[in-house]
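Each value in this text was obtained by applying a stated rule to the coordinates, not by laboratory testing. Predicted, not measured: the structure shown is a model, and the values here were computed from it. Ideal geometry is used to build each Cβ from the backbone, glycine not excepted, and the neighbour counts take in all protein chains shown.
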Ligand SMILES: NC(=O)c1ccc[n+]([C@@H]2O[C@H](COP(=O)([O-])OP(=O)(O)OC[C@H]3O[C@@H](n4cnc5c(N)ncnc54)[C@H](O)[C@@H]3O)[C@@H](O)[C@H]2O)c1
Ligand SMILES: [Zn+2]
Ligand SMILES: [Zn+2]
């Protein structure tokens, strides 16, 4: 347990908030309290936070210290509380302190109860970090550098035919990285491929592309990650070469450096790193193949993230959640006060809702055929929910209901998060005459095509699409993880199901089909 708030010195006392337990506030007025509780002022000095800090005690133990102080606290005006003495001592030893002077609050319980939850949140974040650090430290060491690793993986042998097998993973070649996969979340793109809806789907393959991993070994010439580093694999690589016009442009994240081999299910040199127990080759998938205890990635596909970031949460930044947020912030640049409609409330659609709310959208219309999704959407900021299967007024299409019913001219921005082409059309047609922008996020099944009347575009609507929300994997995923770690960007709500072991992946697939699942995460160790 940490102590989150402090003190004062001189004639003053110490105000502690014990954030994690529910005891909230203790006051030690130095003379009275130290003598009363500890026998003497001298004995009390061993517990004086300012003196302790100045003496170097606890150095390096706290990334931040949180203090809340009421501005009309009598103990403050009487000089018994001296937060400035504490902040000065902190600054002298380079200790970060967040000091909040709360206007109009006195020393009463109202003050304590008003800020207790932010203190609990403050501590819980730090405890999570510690728990994760302990778990990471306890991973067994490996000395398999340069050797083939035998491990378990889900091998998709054909449509709807995926099972756990023993596989052999070759060491990384030049420019490659072999990683231990710690957690993998299922995305619908994996399922589409497994269900045979992806025309380019190759079998046998190891699917999976939303993961958190630890680097096991690196191939020749790899400089940006080293063994022990934590990474989120990206299916959109970022080569960062000065002659890559895509990486050098701020307009796109679509680096084509390894596009053709990635699409053919092989590493950039045209071969695979996976073999089954009969020595037959297994294809890679989306440059990731994270439904395996070990996989090999191109260095340019690895986003390095801090070690304290929990891999079983941050795996979500590998695809769906990042995509939804980026569609709002990067692709459409939704502005404050805008109106938004979101079609499909899986993890992608809900992250669009969350991103729109964070961008300050004034109206967020959430559409799904499954009303069970509405509760989560409302929690994240949806202002209206539309059941487009059973909740439309007689004779109205969903686009007519949104443009003409719920709004006069349509919404400023709309997003398809279903992959259904008729829904993409509805999303475009419910966007605002003159300036509405509609963004296709969903991946349609093979052979499906878009249609609308050209007049929809002539009258000012814009149709666009996004891949991975426009994020540049290696530059931007670490920033998203930082926002998550600082508490600005909560994503835990998307993880509705947890499984343990790569062999439980089919249970996760069933969960994903259940209609209540947003993201199912399988932890492999
Ligand atoms: N562009 C990208 O980079 C990118 C990245 C990740 C995912 N995707 C795609 O985004 C889509 C959504 O992914 P997800 O993981 O959230 O999927 P999901 O299956 O969890 O969510 C889809 C939601 O759409 C709803 N839905 C189905 N039919 C509907 C209809 N006619 N009208 C309204 N809602 C309907 C479902 O009930 C469900 O809630 C998928 O197509 C996925 O392949 C694209
Ligand atoms: Zn995905
Ligand atoms: Zn590039």
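Between the helical axis of 83-92 and the dominant principal axis of the chain, each derived from Cα atoms, what acute angle in degrees is found, rounded to the nearest 10? The two axes meet at around 60 degrees. Can you give the translational diffusion coefficient of segment 288-352 in µm²/s, computed by Stokes-Einstein from the Kirkwood radius over Cα pairs at 10 °C and 1.306 mPa s? So the translational diffusion coefficient is about 113 µm²/s. The relative contact order of the chain, computed from alpha carbon pairs under 8 Å that lie at least 6 residues apart in sequence, is 12 percent. Counting every other Cβ atom within 10 Å of each residue's Cβ, 343, 75 order from fewest to most as 75, 343.
Once you have a ≥ b ≥ c as the square roots of the Cα gyration tensor eigenvalues for segment 438-500, tell me rounded if a/c is under 1.5, and otherwise prolate or oblate according to whether a/b is larger than b/c. Prolate shape, in that a/c is at least 1.5 and a/b is the bigger ratio.
Estimated at 0.36 nm per residue, the fully extended path between residue 379 and residue 88 surpasses their Cα-Cα distance by 100.7 nm.
Site pair residue 46 and residue 335 shows an inter-label distance of 6.3 nm when each label is modelled 7 Å from Cα along Cα→Cβ.
Here the residues 295, 87, ranked from fewest to most Cβ neighbours within 10 Å of their Cβ, fall in the order 87, 295. Compute the angle between helix 109-137 and the longest alpha-carbon principal axis of the chain, please, reported from 0 to 90 degrees and rounded to the nearest 10. Value to nearest ten degrees: 60. Take every pair of alpha-carbon atoms less than 8 Å apart whose residues are at least six positions apart; their mean separation over the length of segment 321-470 yields a relative contact order of 25 percent. Each of 308, 216, 488, 394 has some number of other Cβ atoms within 10 Å of its Cβ, and from fewest to most they run 394, 488, 308, 216. Take the convex hull of the alpha carbons in segment 207-320; its mean projected area over all directions comes to 7.8 nm².
Taking every DSSP beta bridge that has both ends in the chain, the antiparallel portion is near 55%.
Multiplying the residue separation of residue 150 and residue 271 by 0.36 nm and subtracting their alpha-carbon distance yields 41.7 nm.
Available extension along the chain between residue 387 and residue 488 is 33.3 nm, counting 0.36 nm per residue and deducting the alpha carbon span. When the Cα atoms of the chain are aligned to their principal axes, the ranges along those axes come out at 81, 65, 45 Å in descending order. Summed over qualifying helices (DSSP H, 4 residues or more, each -39500 (n - 2.57)) and divided by its residue number, the chain shows a 222 nm mean residue ellipticity of -7000 deg cm²/dmol. Taking a ≥ b ≥ c as the square roots of the eigenvalues of the Cα gyration tensor, segment 321-470 is rounded, since a/c falls below 1.5.
Taking the longest Cα principal axis of the chain as reference, the axis of helix 473-485 is set at about 40 degrees.
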